[in-house]
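First the structure, in the form of structure tokens, and then the observations on it.
The values are calculated or read from the model by the stated rules, or taken from the named source; none is laboratory data. Predicted model only: the values in this text are computed from it and were never measured. Note: ideal-geometry Cβ built from the backbone for every residue, glycine included; neighbour counts use all protein chains shown.
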Amino acid sequence: GAVVSQHPSRVICKSGTSVKIECRSLDFQATTMFWYRQFPKQSLMLMATSNEGSKATYEQGVEKDKFLINHASLTLSTLTVTSAHPEDSSFYICSAYRATGNYGYTFGSGTRLTVV
Amino acid sequence: DAKTTQPNSMESNEEEPVHLPCNHSTISGTDYIHWYRQLPSQGPEYVIHGLTSNVNNRMASLAIAEDRKSSTLILHRATLRDAAVYYCIPDNTGNQFYFGTGTSLTVIP
């Protein structure tokens, strides 16, 4: 099957610091990966779409300078939350798209970010 | 992107069938209908997808209306592990996969 690994699963950081979240497709190459944010009791909100080797496309209202996305290889995308503040505390989820086979979109298990 | 309408919540008794409806009246002709579910504090999990014909897999069945403006996810025998939020998502391109509000399914023992 298609497996996406996301790391770390939980992270606590101090306000003003930066946090990096990794998303890896373990058994397939993903030309496109997606990053979502989910607040409690709410649905997933798409933040950005990253394509390997090119700049990410951010959804309206998402600050690109605050949420840095790098998709340097076909199996790895990273999201860096810069100068984190308590309001950035959320559940961040990545997804990788596999165009071949019957897998479509595969999601990571999510990262719980708490900014204190 | 096609908008979807799903009931906010549904309940089912354990071991009974569950029919989860989704309205996607603005779906385009080439959009697949995807269904995912999300357990608390986990990433979404693929359930099933289809284009025009009804689909079956080991997890569920998907019934698609002839005009494709609605679909129904069928869990044949609900178990406690099926308690989750279920999302239907029309999509085709592999670009921008948007979630609606989904249906929170409660399974009663």
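Within the stretch B:24-38, how many residues are within 12 Å of chain A (Cβ to nearest Cβ) and among the charged types (D, E, K, R)?
From the stretch B:24-38, those within 12 Å of chain A (Cβ to nearest Cβ) are B:32-38; that's our starting set.
When the remaining residues are screened for being among the charged types (D, E, K, R), the result is B:37.
The total comes to 1.
For the stretch B:79-93, does any single residue satisfy the condition of being among the aliphatic types (A, V, I, L, M) and within 12 Å of chain A (Cβ to nearest Cβ)? Walk me through how you get there before you give the answer.
In the first step, residues of the stretch B:79-93 are kept if they are among the aliphatic types (A, V, I, L, M); the result is B:80, B:83-85, B:89.
With within 12 Å of chain A (Cβ to nearest Cβ) added as a condition, the list becomes B:85, B:89.
Yes, the stretch B:79-93 has at least one match.
Hey, among B:Gly29, B:Gly50, which residue is at pLDDT below 95 and in contact with a Leu (Cβ under 7 Å, 6 or more places away or on another chain)?
Answer to the check: B:Gly50.
Mind checking whether some residue in the stretch B:57-69 is surrounded by 15 or more Cβ atoms within 10 Å (Cβ to Cβ), among the charged types (D, E, K, R) and modelled with pLDDT of 95 or more?
Checking the stretch B:57-69: not a single residue is surrounded by 15 or more Cβ atoms within 10 Å (Cβ to Cβ), among the charged types (D, E, K, R) and modelled with pLDDT of 95 or more.
What pairs can you find where one residue is in the stretch B:96-109 and at the interface with chain A (Cβ under 7 Å from one of its Cβ atoms), the other is part of a loop (DSSP other than H, G, I, E, B) and acidic (Asp, Glu), and their Cβ atoms are less than 7 Å apart, with a gap of 6+ or different chains?
B:Gln96/B:Asp1; B:Tyr98/B:Asp1
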